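Note sheet for the following structure.
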Amino acid sequence: MAGYNNATEANLEHSESSIHKENLLSASALWVFPTCYVIGSLPFGVLYGKLVKGVDIRQHGSGNIGASNVMRLFGVQAFVIVFALDALKGVAAILLCQRLFGPEHAWMVLLGGLLSVLGHTFSVFLKFTGGRGVATGLGLLVAVAPVAGLCTFLVWAVTLALTRYISVASIAGSISAPLWVVFIQPQTVPFPYRLMIAIAATLLVIRHAPNMKRLIAGQEFKLGQKVELDSQVNRKLPERREPEAPEKAESEGSV
């Protein structure tokens, strides 16, 4: 009888502990998910332009807030700074969720990671506009699958070197990311993380639709193509040069 009572008490304690843990998880989710979104919303490209250069990058170049437009306007050093900061947003969201929810709640980590990418692309600080999310997405990938992240970065770098188009490199890297995760780290990356990478990659490709249109029209910016800063909005894309018609020879006797 005593053994039965002890077992019953143990079950009750376990049940109460489980309920308490679930309540803590629910309470954590109330602030963690909004925090992940706000972290992703931090517009480091805009902040760098305004605080360091005194320029609103949304009014120059492509008008995008990401690192690629920063490089067109301010050079490689500015690109590296903004790209790293944007990538850290994804890393921070993943680490925060992993710390609070643990590996057994990978679905919660998935949601937090995706919210950081959505924050970058639909920033609350920019009236729900934003960038493409490439750097933040890479941060997610590196945080959950570092080897696949390195391979994705190599695809991005090689494609950029071959085409000189950052948008083409970003699309190629986004498409390759889920494949690297599946083929290189299938055992070490839980299914929710793989799904997160696939969803993020799909979103990144969709967000590059305007770039694809400019590529088809021959109006996309190339790597190394500098943009003149002026006092007016400068979103005019490079135009195709039509072959000049040969000048008509002047008629004899004309003045």
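Take the Cβ-Cβ distance between Leu154 and Val124 as r, set R0 to 35 Å, and report the resulting FRET efficiency rounded to the nearest 0.05.
On the way: r = 34 Å, r/R0 = 0.96.
It comes out at approximately 0.55.
Sorting check: for 194-202, 67-75, which peptide has the highest mean count of neighbouring beta carbons within 10 Å, and how do the rest follow? List each step's numbers first, then the result.
Numbers: 194-202: 20.8, 67-75: 23.3.
Ranked from most to least packed, the peptides come out as 67-75, 194-202.
Report the Cα-based extents of the stretch 27-216 along its three principal axes, largest first, to the nearest Å.
45, 38, 27
In whole Hz, what ³J(HN,Hα) sequence does the stretch 68-74 give by Karplus (6.51, -1.76, 1.60; θ = phi - 60°), x for Gly and Pro?
In residue order, the calculated couplings are 5, 5, 4, 5, 4, 8, 10 Hz.
When ranked by the protection proxy of mean other Cβ atoms within 10 Å per residue, highest first, what sequence do the peptides 159-165, 107-113 form? Let's see the in-between values first.
Numbers: 159-165: 15.6, 107-113: 23.7.
In decreasing order of mean packing, 159-165, 107-113 become 107-113, 159-165.
Below 11 angstrom from the Cβ of Arg132, what's the summed charge of the other residues (Lys, Arg +1; Asp, Glu -1)? Mind showing how you got there, number by number?
On the way: positive: Arg207; negative: Asp86.
Residues near Arg132 contribute 0 overall.
Choose one of Cys36, Leu73, Ala209: the residue whose Cα lies farthest towards the positive end of the charge dipole of the stretch 27-216 (beta-carbon charges +1 Lys, Arg; -1 Asp, Glu; about the Cα centre).
Leu73
Distance between the C-alpha centers of the stretch 148-179 and the stretch 50-71? Whole Å please.
Centre-to-centre distance over Cα atoms comes out at 23 Å.
Charges at C-beta only: +1 for Lys and Arg, -1 for Asp and Glu. How large is the resulting dipole of the stretch 45-105 about its Cα centre, in Debye rounded to 20? Mind dumping the intermediate values first?
Values: 6 positive and 3 negative charges, 40 e Å.
Dipole about the Cα centre, nearest 20: 200 debye.
Could you work out how far apart the two model spin labels at Ile175 and Lys213 are, taking each label as a point 7 Å from the Cα in the direction of the beta carbon, and quote it in nm?
Going by the 7 Å Cα→Cβ label model, 2.1 nm.
May I ask for the Kirkwood hydrodynamic radius of the stretch 91-188, worked out over all distinct Cα pairs and given in angstroms to one decimal?
Values: mean 1/r = 0.0704 Å⁻¹.
Radius from the Kirkwood sum: 14.2 Å.
At 7 Å along the Cα-to-beta-carbon direction for both Arg99 and Leu195, put a label point, then send me their distance in nm to one decimal.
With each label placed 7 Å out from Cα toward Cβ, I get 2.6 nm.
Could you calculate the contour length gain from Val76 to Ile184, that is, 0.36 nm times the residue separation minus the distance between their Cα atoms, to one decimal place in nm? Working shown, then result.
Working: separation 108, 0.36 × 108 = 38.88 nm, distance 3.11 nm.
Taking Val76 through Ile184 to full extension adds about 35.8 nm, to one decimal.
Please report Rg over Rh for the stretch 41-86, where both radii come from the alpha carbon positions and Rh follows the Kirkwood definition. Before the final figure, lay out each step's value.
Values: Rg = 8.8 Å, Rh = 9.9 Å.
Rg divided by Rh gives 0.89.
Using a simple spin-label model with points 7 Å from Cα along the Cα→Cβ vector, what separation in nm is obtained for Gln59 and Ile206?
Label-label distance for Gln59 and Ile206, simple model: 3.2 nm.
Please list 3J(HN,Hα) in residue order for the stretch 30-43, calculated via the Karplus relation 6.51 cos²θ - 1.76 cosθ + 1.60 where θ = phi - 60°; whole Hz, with x for glycine and proline.
4, 10, 5, 5, x, 5, 4, 5, 5, 4, x, 6, 4, x
Working from the alpha-carbon coordinates of the stretch 153-213, get Rg over Rh, Rh being the Kirkwood radius. Mind showing how you got there, number by number?
Numbers: Rg = 12.4 Å, Rh = 12.1 Å.
Rg/Rh: 1.03.
Read-outs throughout are calculated quantities, based only on the coordinates presented, and are distinct from any laboratory measurement. Computed from a predicted model, the values in this text were never measured in an experiment. Heads up, the Cβs are rebuilt from the backbone with ideal geometry, glycines too, and the neighbour counts pull from every protein chain shown.
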